[in-house]
Structure formats: structure tokens, C-alpha cells
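Right, one structure below, let's go through it.
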Amino acid sequence: MAGPDRAREPEPDAMTIHQLAERSGVPARRIRYYIAQGLLPPPVGRGRAAHYRRAHLDRLRQIQVLREANLGLEEIRRRLGAPPVPNREGAPPAVWRRWAVAPGVELHVREDVAPEAARVARALAGVARQLLGENAHGDGDNDDEVTT
């Protein structure tokens, strides 16, 4: 039964173009056109592995709202800006914390990990420095943020 409970179900985070079309109400052909026009980012992956994320659905819904307001594609492009290009996981670029352990050896941890995991990573970097020798790095406690 497709009642009100159906509307509250979370959207899946990996959809085929046909699932995206069904959920958005926009035909697959038009989705491909929007991608070609630079309004919608390309799918994550290629060929049979290609899939669309929640961000694609959200952007497509924004485009629909603006189209319903009788705005042309150029104006929609101007208002929305360039679509974010998803990485392999479909997420925007992440900020990483980097601990230098020794020349050519680094520990990288995403900035958004749980605080306990970040503490463990910092301790792990310290233990690795000790195992490699106190002077392996030089300054002993270096961590930098890196965007990838």
C-alpha cells in the first residue's frame, strides 16, 4: 500500500537511472540531457556500475522547482551553479587529518570520524613514531588538515 508511510521512507543512496527517474518524476532521457548540459553531475561509476546518489535526487528536485517557475536552463544553471562532482563514494571532497610519522610515512584519518577514533589515530601515530625512532620525523607531533 502506497500511503503516507511510503513518503517518509528514506531514499536509497544508490539508484539506477530508472530508479532516479521514478523517484523524481523526471524521465531518464531528460536526466541524461541535464547531465550533458552540466545541470546535473554525472553518475558515480561507469557502465553497469553507474549509480546516482541522494545528492543527484536533491539537485534534480531543485531543477524541477525552478523549471516549474518557468525558468530556462541557463537561468537555472546560473542560480544553482556548477553541480558538485561526486567522488567514488558519492560524497563531496572530505577533509582529512594527517599525522606525519616518518619521512614518506603518514597516517590519514577523515576529519569527521568519531572523537574516540581520532584519539586512537593520534596515539597510533605516536606509537608508530616511537617504533620507527624518536627522530624519525623531526618535530614529533605534526598534524595537518588535507582536503582530498
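Considering only segment 111-129, state which residues are surrounded by fewer than 16 Cβ atoms within 10 Å (Cβ to Cβ) and small (G, A, S). Once the filter is applied, which keeps residues that are surrounded by fewer than 16 Cβ atoms within 10 Å (Cβ to Cβ) and small (G, A, S), segment 111-129 yields A114, A117, A123, G126.
Suppose the filter is at pLDDT 80 or above, closer than 24 Å to T16 by Cα, hydrophobic (A, V, I, L, M, F, W, C) and surrounded by 14 or more Cβ atoms within 10 Å (Cβ to Cβ); does A55 pass it?
Numbers: at pLDDT 80 or above: yes; closer than 24 Å to T16 by Cα: yes; hydrophobic (A, V, I, L, M, F, W, C): yes; surrounded by 14 or more Cβ atoms within 10 Å (Cβ to Cβ): yes.
The answer is yes for A55.
How many residues does segment 14-64 contain that are in a helix (DSSP H, G or I), of a type in the set (D, E, K, R), under 20 Å from A82 (Cα atoms) and in contact with a strand residue (DSSP E or B) (Cβ under 8 Å, 6 or more places away or on another chain)? Number of matching residues: 0.
Note on segment 46-81: among residues that are under 17 Å from the mean Cα position of the chain (by Cα) and in contact (Cβ under 8 Å) with a residue 40 or more places away in the chain, the one that is farthest from M15 (Cα to Cα) is L60.
The values are calculated or read from the model by the stated rules, or taken from the named source; none is laboratory data. Since the structure is predicted, the reported quantities are computational estimates derived from the model, not experimental observations. Heads up, the Cβs are rebuilt from the backbone with ideal geometry, glycines too, and the neighbour counts pull from every protein chain shown.
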